[in-house]
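Below is one structure, written out as structure tokens; comments come after it.
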Amino acid sequence: MFETPGDIGKFAADLMRKALPAPEKLQPMEHLPSPDGEFTNRVVYLHGFGDTPRALRQMAADLRLPQTDSYFPSAPQPLPLGLDGRGWYTSASILQDVYGPRKASSMEKAEREQAVEFIADLLAPCRATTTFLVGFGQGAELALWVCNRVLVAGVAVVDPPRDLELPASGPTGKLRRTNVFVRSTEPRVAAKVSAAVDPRSFTCSHDTSSLFPLAKWFSRILPMRLAELERRSDVVTTSNGILGD
């Protein structure tokens, strides 16, 4: 079937760059209700390339953000050759050996734009002041592009790719109006994000051993109805806000 390694690469790349299906044909989006039954905020989690929402659902359950519903859309593109996991778009680094750098970059941009439009449409009915994005890996890069298009209260960028590409802010860019959290062990990547956002709304962590820095960031910016929280025994007050115990 395949005569050369290039044939295998082209076959895989063609599978990866299938057009996004219509939203109604996407896999159902998973939903984790607020742990306390009080819905004030919503967080949308975007998984990384080759992953699924499963691990993020467990992470959200461990975070137990008060008064917060969590949503987990699944990326539309299956991995080639029957591999487990999905992707939001195909990286140019995967495509360039087959199509060349220029065409590969153009293909990546087109697929990423479709993914941005899908998530932006998903967020369109949501109230900006109580909506947050959390992205991992490729989902982190996608989250930053979405937040430049749609205003949200905050975006958490966890382990973004080393070759992270950011949108040009421009006069209509909304990224500088958003609270941004970055977790990365790559100083260059963190610096790139820092330069693109308002430094007064930027938080960076290099701690990959726990969820505490992310939880601490959420404790500072989550809008909450304090009256309900005062009646709960599993809530603790920190110097930066309120967290479930």
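Residues in region 159-169: is at least one out of contact with any Leu (no Cβ under 9 Å at 6 or more places or on another chain) and under 20 Å from L63 (Cα atoms)? Yes - at least one qualifying residue is present in region 159-169. Within region 158-178, can one find any residue that is open to solvent by less than 30 Å² (accessible area, probe 1.4 Å), hydrophobic (A, V, I, L, M, F, W, C) and modelled with pLDDT of 95 or more? Yes, there is a match, as at least one residue in region 158-178 is open to solvent by less than 30 Å² (accessible area, probe 1.4 Å), hydrophobic (A, V, I, L, M, F, W, C) and modelled with pLDDT of 95 or more. Residue pairs whose Cβ atoms lie under 7 Å apart, separated by 6 or more positions or on different chains, with the first residue in region 129-152 and β-branched (V, I, T) and the second part of a helix (DSSP H, G or I), are T131/L123; V146/V116; V146/I119; V146/A120; V150/A120; V150/L123; V152/L123; V152/A128. Of all residues in region 162-183, those satisfying the criterion of being in contact with a Lys or Arg (Cβ under 9 Å, 6 or more places away or on another chain), of a type outside the set (A, V, I, L, M, F, W, C) and either outside any strand (DSSP E or B) or over 16 Å from A140 (Cα atoms) (or both) are R162, E165, P167, S169, T172, G173, K174.
Of everything in region 197-210 that is in contact with a helix residue (DSSP H, G or I) (Cβ under 6 Å, 6 or more places away or on another chain) and not in a loop (DSSP other than H, G, I, E, B), the residue that is farthest from W145 (Cα to Cα) is S205. Taken as a whole, the condition of being open to solvent by 40 Å² or more (accessible area, probe 1.4 Å), among the hydroxyl-bearing types (S, T, Y) and farther than 26 Å from P78 by Cβ does not apply to T131.
The values are calculated or read from the model by the stated rules, or taken from the named source; none is laboratory data. Please read these numbers as outputs of a predicted model, since none were measured by experiment. Cβ sites come from the backbone with ideal geometry, for glycine too, and all protein chains shown count toward neighbours. Surface areas here come from the heavy atoms of the whole protein model, side chains and all, with no ligands, DNA or RNA. Shrake-Rupley method; radii C 1.70, N 1.55, O 1.52, S 1.80 Å.
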